[in-house]
Amino acid sequence: MLLEIKDLRVKAEDKEILKGLDLTVNAGEVHAVMGPNGSGKSTLARVLAGSPGYEVTGGSITYDGKDLLELDPEVRACEGVFMAFQYPIEIAGINNTYFLRTALNSVRKHRGEPELDAVEFMQLVREKAALLEMDQAMLNRSVNEGFSGGEKKRNEIFQMAVLEPKLAILDETDSGLDIDALKIVANGVNSLRSPERSIIVVTHYQRLLNYIVPDFVHVLSGGRIVRSGGRELALELEEKGYGWIEAEMAGARG
Amino acid sequence: MSTTQVAERHASLAAGFEELKGRPAFSAGGASEGRIAAFERFSRQGFPTTRDEEWRFTNVAPIAELRLSPAPEAKADSTLVAGLLPLGQDAVTFVLVNGRLSGPLPRLPRGVAVRTIANAEAGDLLPARPEGGTAFTDLNTAFFEDLLVIDIAPKAVIERPIQILHVTVPGADPLLVAPRIVVRAGEASQAMLVETYADAAGDGVALVAPAVDVELAPAAFVDHVKLQRQNNRSFHIATMFVRTGRSSTFTSHAVTVGGRIARNDIVAVLDGEGTEVTLNGLYVGAGDMLVDTHTTINHVQPHCPSHEVYKGILTGRSRAVFNGKIFVHPEAQKTDAKQTNKALLLSDEAQINTKPQLEIFADDVKCTHGAAIGQLDTDALFYLKARGIPERHARNMLIHAFASDVLNGIRLDPVRRTTMALVEGMLELEALEQE
């Protein structure tokens, strides 16, 4: 297996958000993590990427045989963990292409691969940019600066395409996307599906899952995975809403 | 403190002034009365103290304690000079050593006329100025022994940039250097000026107190870059006065990467309809440096935009002061003034005092100001790291980005590159190959 999360407990600002979460992801699988707002979906994504501001108080995350929680965020990225940000950061003064080349070469260096020179890199960028229908102007701008919401999300998946991670976590990548942008992003993600690459799609809505069809769907509620199933679970949630699961959980607890 | 006490404390300057009176430079162009008045004013008031509102956060006691004597004529090593010219040979180059033009005049492009103390006119020596000078401006007036007057003829477009290098060659005693530059851009003319202030030695102590006057006739364009890279034992307290005529455009980039105490006072008067002034700056403080910027932008005519972006990067125990005054007079309707001041504090001990000061007496204007002081953006840092970029390099990239926001406004590539290299040197940053 690629990722095994066991009994993960996470606090942010003294509030416990994840309360014993278990999740196992094998290589090549696509998992959707769904849940109502505030259930801890984004916390899970950010903790996997190593975002500051969270305190892991219990449990473990094993990634590719390593203790993920022991690794700095940049080492996680070099080891193949990629999170597409829910709110990508604008960085004035850093050219998008330069940023990505620096990132790719950092990852390649970590893997013991030779760095790409400017020409090789531009070739790769052109190929991947076409996949996400990114134009040259976007590549030459500062990182995410002045990008629309949809452009930012596309830029995230573009970065994923260039960095070729082993584990990609898409944190509400569908939010703020109109249907055309959603299709472009989903196409990009689907083209990256492979037997070696696992994807965790964190989303509130099942709409994205029409385009990125998951192998497994998990429902996160109250800081735990409360139900797991196949794709049909997402459709059921779409139809009935999250209240149904929450009521059932309350019933089970009562 | 009584006048006598102040005078005694500055006995070395007073002696120097008496000596200067006997030299022809002193009375050239009938300026002697103005010089005597300036020195009397200085003798009466002495150096400013922190009780003076304009110097509240800038204690110049280390300067007041020096036994300053007027800088003598000196020669600078030609290899050293060549290494300090950001534009190399690709410019009309003037070298001033200890405030005096050194060597023969360069070949001047058509449309450029130059005068020095030998042939300066009365109006060159004591130009009419808006209010806003300091005690150091008075010292400059009293002590300058040469000046460089650059006249750009009407309609002349000077494509070769004009490069002025000021070098201080130290003596046994701390020196007072009084460089004086006057630039007059004729109607619809265009010129670029790059000034560099540097020391010939890493340990010479000097107070460099330049006064620069820039006057733009209607529709003139002047682009001015100042790079202050003095050693960390010397002092640099400068005043620049700018007056812009109708529909003219003045752009200033002031970069400070040197000096123990460095201060720029810039006073701009937008003195014609539709004139546009940009005052940008970047300063880097390290060690015990104190970097002070005081700008005054006077909007006295309608339909004038002004833009001001000052950014600072502070490490060690360095301190910075920023005071940005914008006055909008009652006639100055449709003024569009924007001021931004940002500082990046890279150590716990670094600090900045920042004060925007907008006084608006017209009702149909747009004036904005913003200040942001802080550390590196942790969200941005995490974003870069989350893509595999090591912490050290990610920080490096963000600091570069912060600085290049101002430096990218410098149009001459070699000047921009030289400046960035100096910033990198001060902050011990690796160069980036970002184009």
Residue match in region A:144-160 (condition: under 24 Å from B:LEU381 (Cβ atoms), in contact with an Asp or Glu (Cβ under 6 Å, 6 or more places away or on another chain) and hydrophobic (A, V, I, L, M, F, W, C)): no
Any hit, region A:147-166, residues being free of Cβ contacts under 8 Å to residues at least 12 places away in the same chain, of a type in the set (Gly, Ala, Ser) and not in a helix (DSSP H, G or I): yes
When residues of region B:343-400 are limited to those that are surrounded by fewer than 21 Cβ atoms within 10 Å (Cβ to Cβ), part of a loop (DSSP other than H, G, I, E, B) and not charged (D, E, K, R), the one nearest to the chain's Cα centre (by Cα): B:LEU346
Those residues of region A:90-111 which are among the acidic types (Asp, Glu) and at the interface with another protein chain (Cβ under 7 Å from one of its Cβ atoms), in sequence order: none
Members of region B:401-416 that are open to solvent by 40 Å² or more (accessible area, probe 1.4 Å) and closer than 15 Å to A:VAL143 by Cβ: B:ASP405
Scan of region A:75-89 for residues that are crowded, with 23+ Cβ neighbours inside 10 Å and more than 9 Å from chain B (Cβ to nearest Cβ), ordered by number: A:ALA84
Number of positions in region B:279-319 that are under 14 Å from the mean Cα position of the chain (by Cα) and more than 24 Å from B:GLY374 (Cβ to Cβ): 1
Selected residue (only one of B:PHE241, B:PHE250 is out of contact with any Ser or Thr (no Cβ under 8 Å at 6 or more places or on another chain), surrounded by 23 or more Cβ atoms within 10 Å (Cβ to Cβ), on the phi < 0 side of the Ramachandran plot and in a strand (DSSP E or B)): B:PHE241
For B:THR419: the one exception among (1) away from every other protein chain (no Cβ under 14 Å); (2) without any contact (Cβ under 8 Å) to a residue 60 or more places away in the chain; (3) of a type in the set (Val, Ile, Thr); (4) open to solvent by less than 20 Å² (accessible area, probe 1.4 Å): (2)
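Kindly indicate whether any position in region B:110-121 is open to solvent by 40 Å² or more (accessible area, probe 1.4 Å) and assigned to a strand (DSSP E or B).
Filtering region B:110-121 for residues open to solvent by 40 Å² or more (accessible area, probe 1.4 Å) gives B:110, B:113, B:118-119, B:121.
Subsequent filtering for residues that are assigned to a strand (DSSP E or B) retains B:113.
Within region B:110-121, one or more residues are open to solvent by 40 Å² or more (accessible area, probe 1.4 Å) and assigned to a strand (DSSP E or B).
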Search result, residues across region B:377-416 that are in contact (Cβ under 8 Å) with a residue 60 or more places away in the chain, within 13 Å of another protein chain (Cβ to nearest Cβ) and not charged (D, E, K, R): B:ILE399, B:PHE402, B:ALA403, B:VAL406, B:LEU407, B:GLY409
Test: residue in region A:106-114 that is crowded, with 18+ Cβ neighbours inside 10 Å and outside any loop (DSSP other than H, G, I, E, B): yes
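The values are calculated or read from the model by the stated rules, or taken from the named source; none is laboratory data. Note that the structure is predicted; figures quoted are calculated from it, not measured. A quick note on method: Cβ atoms are made from the backbone with ideal geometry, for glycine too, and the neighbour counts reach across all protein chains shown. Calculation scope for accessible area: heavy atoms of the full protein, side chains included, ligands and nucleic acids excluded. Shrake-Rupley method; radii C 1.70, N 1.55, O 1.52, S 1.80 Å.
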